[in-house]
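Chemist: Sharing a structure below in structure tokens format, with a few things to ask.
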Amino acid sequence: MRTKIITYLLVFVSLILLYQMVSSNKLVAFQAAKIEQLDTKKQKLQDSLEQIQLLWEDQQYFSLIGNAEGMDAFPGNRSAEEITQLVSDALYEYNVKDQNPFISYAGMEGRFFFNKVQVLNNRWLIADFSDQKYWGEVLLQYRVNEDGSVTFELITDFLYPISELQ
């Protein structure tokens, strides 16, 4: 009787160990597949991040930010972000004035307003303008004066033709 109990106990323990081994192998295989999937996803995200960084560097090529030679042309000890903000704010002030001397077109659906400004370097900027239906772009030369004021000079502007699809 004692031998039967030991035999049953041994069989029962063997079955439990077999179950544990099969279950742990499945768990290890599942974990390995999950790790592989996460590694693939991580690699895709790293590739996307590298592409975005390259695109950002391309976009910042014509920019005052990171342009040490261009920054030397400004009086005082201001950062590129401060100069960009100063120039943008000075241009946006023309949105509240009655006349905008830098847009040579009359607004057909109201007045033209500057929407977005991109400072290209220490002398030029490009700005987008619209009247909610028609829109265009303007290229301006600017100068930051000693007193912190900004003066602009129109180089060219362009009004896009209205699309037939609109």
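The values are calculated or read from the model by the stated rules, or taken from the named source; none is laboratory data. Bear in mind that the values here come from a model prediction, so they are computed numbers and not experimental data. Ideal geometry is used to build each Cβ from the backbone, glycine not excepted, and the neighbour counts take in all protein chains shown.
Chemist: Give me a count of the residues in the range 104-136 that are without any contact (Cβ under 8 Å) to a residue 40 or more places away in the chain, closer than 25 Å to Tyr61 by Cα and of a type in the set (A, V, I, L, M).
Modeler: Here the count works out to 4.
Chemist: In addition: Considering only residues of the range 68-86 that are assigned to a loop (DSSP other than H, G, I, E, B) and at pLDDT 70 or above, which is nearest to Ser149 (Cα to Cα)?
Modeler: The residue in question is Arg78.
Chemist: From the list Tyr94, Tyr105, which residue is at pLDDT 85 or above and not aliphatic (A, V, I, L, M)? Step through it out loud before you land on a result.
Modeler: Numbers: Tyr105 fails: at pLDDT 85 or above.
Within the list Tyr94, Tyr105, the selection yields Tyr94.
Chemist: Can you tell me which residues in the range 99-134 are of a type in the set (Gly, Ala, Ser) and either under 26 Å from the mean Cα position of the chain (by Cα) or not assigned by TED's automatic domain parsing to the domain that holds Thr151 (or both)? Break it down into steps so the answer makes sense when it comes.
Modeler: Keep residues of the range 99-134 that are of a type in the set (Gly, Ala, Ser), which gives 104, 106-107, 110, 127, 130.
Selection gives Ala127, Ser130.
Chemist: Right, next: Looking at (1) touching a Gly at 6+ places or on another chain (Cβ under 6 Å); (2) at pLDDT 90 or above, which is the one condition that is false for Asn122?
Modeler: With (1) touching a Gly at 6+ places or on another chain (Cβ under 6 Å); (2) at pLDDT 90 or above applied to Asn122, the lone miss is (2).
Chemist: Tell me the residue from Leu139, Leu154, Leu86 that is in contact with a Phe, Trp or Tyr (Cβ under 6 Å, 6 or more places away or on another chain), under 26 Å from Gln59 (Cβ atoms) and hydrophobic (A, V, I, L, M, F, W, C), please.
Modeler: Sole residue among the options that is in contact with a Phe, Trp or Tyr (Cβ under 6 Å, 6 or more places away or on another chain), under 26 Å from Gln59 (Cβ atoms) and hydrophobic (A, V, I, L, M, F, W, C): Leu154.
Chemist: Between a residue in the range 149-166 that is under 13 Å from Lys133 (Cβ atoms) and any residue that is loosely packed, with under 11 Cβ neighbours inside 10 Å and at pLDDT below 90, which pairs come within a Cβ distance under 8 Å, given they are 6 or more apart or on different chains?
Modeler: none
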